[in-house]
1. Go over the candidates 76, 42, 57 one by one and state the one that is over 10 Å from the mean Cα position of the chain (by Cα) and at pLDDT 90 or above.
2. So, in segment 53-69, how many residues would count as being out of contact with any Pro (no Cβ under 6 Å at 6 or more places or on another chain) and within 19 Å of residue 14 (Cα to Cα)?
3. What number goes with the only condition from (1) at pLDDT 95 or above; (2) of a type outside the set (Val, Ile, Thr); (3) touching an Asp or Glu at 6+ places or on another chain (Cβ under 6 Å) that residue 24 does not pass?
Amino acid sequence: MANLDSNPPTLPPADFEQALDELERLVAQMEGGELTLEESLSSFERGIGLFRQCQQSLEQAELRVRLLLDPDAPESAEPFEPRP
């Protein structure tokens, strides 16, 4: 069983992109409906781990941006919204 640690290490940008690509491939495979139940469960478990890694990396990136915007009070920096 894969380790689903709630605090995965932050990924470097290249690893983040690889994890995101793998997550997208897993989703496409699962949506295809051709996996066995065991394969689906394994893919889901792997996907949850990848999602958590990516989420942690994005949170760390946002914190870095906030620190750059206002190093003395990062918690008061305005959150940024991605453009559509």
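1. 42
2. Qualifying residue count for the region: 11.
3. The single condition residue 24 does not satisfy is (3).
The values are calculated or read from the model by the stated rules, or taken from the named source; none is laboratory data. Since we're looking at a predicted model, the values are computed, not measured. Don't worry about glycine lacking a Cβ; one is built from the backbone with ideal geometry, like all the others, and counts go over all protein chains shown.
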